[in-house]
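Before any comments, here is the structure.
The values are calculated or read from the model by the stated rules, or taken from the named source; none is laboratory data. Quick caveat: nothing in here was measured; it's all calculated off a predicted structure. Don't worry about glycine lacking a Cβ; one is built from the backbone with ideal geometry, like all the others, and counts go over all protein chains shown. The protein model used for the area step is the full one, side chains on, heavy atoms only, and it has no ligands, DNA or RNA in it. Shrake-Rupley method; radii C 1.70, N 1.55, O 1.52, S 1.80 Å.
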Amino acid sequence: MNDLTYVQKKFINYIETIMQSNKLSHSYLIELGDSSLEFPFVLSFVKMIVCPKNVTKVASLDCGQCSICRFIDENSFLDLKIIEADGAQIKKNQLLSLKDEYQNTSLIGKRRVYIIKDAEKLNPSSANTILKFLEEPEEGIVAILLTKNRYQVLETILSRCQVLSLLDTTDIGIVDDNILLFIQYLLHPSDLFIHYKEIIETILIDKECAKKVFNLVEKIFIYYLSYPDGRDDLSFLNGIEKKKFLDYITIIEEELPKLVYNINYKLWLDSIYSRFMEVK
Ligand SMILES: [Zn+2]
């Protein structure tokens, strides 16, 4: 776990504080973007909760001496259940069997954790099943719900969880293929020229579209400069000079404010276009 981002450090700090001050709650909702990158942080939290060594520092988890932590890494720890959506939704019976399993076997003094991935896929019926469990948890059972966006989670669930976030504030979310294509054209002025009409008809239809697109493009470039290896879908930017991105960012920042209501949109487009084509 080298080169942690600010948000990741903050997260670690937070879970360490929880453990050190003995303030473990019964239910957490953790927001995360790229789950393959960020899931290990969730597992660190799980380990801290269940590790018999009462670890309160994430760094101390790497000793490799504890069998429970190793079982967690191998995904074979029996007191950690992970529930994933069965298709587009998390179904009621998935949660019923979890409840049965955890409620009917009591382990005195031991903690158990269940993780619900994509908590926004809890529908009202499956949410109902889990609500009571969240409200009146059995001693020692900790719920960790994961989501990409807390605002998509049912309010009844959200209000019962303590929210932690691994989401970067510069997070750009899922980027539409057309935008990615546009960026590719942008970086190769001859393509930009050839596809001019097509681009206008698909993503730069009017001023409002242009504002959104160029704001996003700028955000993507800023993100890429901060995290060059952060996302697979931006790997096509690898190898391009940093200066080029800064030039595009400058152009966007200078041209976008000119896009006021009474400007001739077509002329504005022509001018920002010709500036893009000049970037070397
Ligand atoms: Zn351990």
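Some notes on this structure:
- Long hydrophobic helices in the chain: the complete DSSP H runs spanning 24 Å or more by Cα along their own axis with mean Kyte-Doolittle hydropathy of at least 0.0 are 207-226.
- Isotropically averaged projected area of the stretch 177-278, using the convex hull of Cα atoms (one quarter of hull area), nm²: 6.0 nm²
- Normalised contact order of the stretch 177-278, rounded percent, pairs of Cα under 8 Å and 6 or more residues apart: 30 percent
- Taking 0.36 nm per residue of sequence separation and removing the Cα-Cα distance, the THR250/TYR6 pair yields an extension gain of 85.3 nm.
- Positive dipole terminus of the chain, leading residue within LEU134, ASN262, LEU32 (C-beta point charges): LEU134
- Cut-off under 5 Å, modelled amide H: who pairs with LEU122 long-range: ILE90
- Across the alpha-carbon set of the chain, the Rg to Rh ratio works out to 1.09, Rh being the Kirkwood radius.
- Relative contact order, whole percent, for the chain stands at 20, derived from Cα pairs under 8 Å and 6 or more residues apart.
- Pairs from LYS9/LYS211; LYS148/LYS280; LYS81/LYS121; LYS53/LYS99; LYS207/LYS243; LYS148/LYS197 whose Cα-Cα separation, in the structure shown, is over 29 Å: LYS9/LYS211; LYS148/LYS280; LYS148/LYS197
- Among SER21, ILE172, SER235 the positive-end extreme of the charge dipole of the chain (Cβ point charges): SER21
- Test item: Cα-centred dipole of the chain, Lys/Arg +1 and Asp/Glu -1 on Cβ, debye: 740 debye
- Simple spin-label estimate for GLU74 and ASP176 in nanometres, 7 Å along Cα-Cβ: 4.8 nm
- To put it simply, the accessible area of the stretch 6-165 at a 1.4 Å probe is 48 percent carbon and sulfur.
- Carbon and sulfur %, accessible surface of the stretch 177-278 computed with the full protein complex present, 1.4 Å: 56 percent
- Accessible area expressed per residue, the stretch 24-122, with surrounding protein chains retained (probe 1.4 Å, Å²): 50 Å²
- Across the stretch 6-165, Cα-Cα pairs farther apart than 24 Å form 30% of the total.
- Taking other residues whose beta carbon is less than 14 angstrom from the beta carbon of LYS9, and scoring Lys, Arg as +1 and Asp, Glu as -1, yields -2.
- What the Cα convex hull of the stretch 135-198 gives, in volume per residue, is 119 Å³.
- Descending by average beta-carbon neighbour count within 10 Å, the peptides 266-277, 229-240 line up as 266-277, 229-240, the highest first.
- Summarising the amide proton neighbourhood of VAL142: residues at separation of 5 or more, or on other chains, whose placed amide H is nearer than 5 Å comprise ARG112, VAL113, TYR114.
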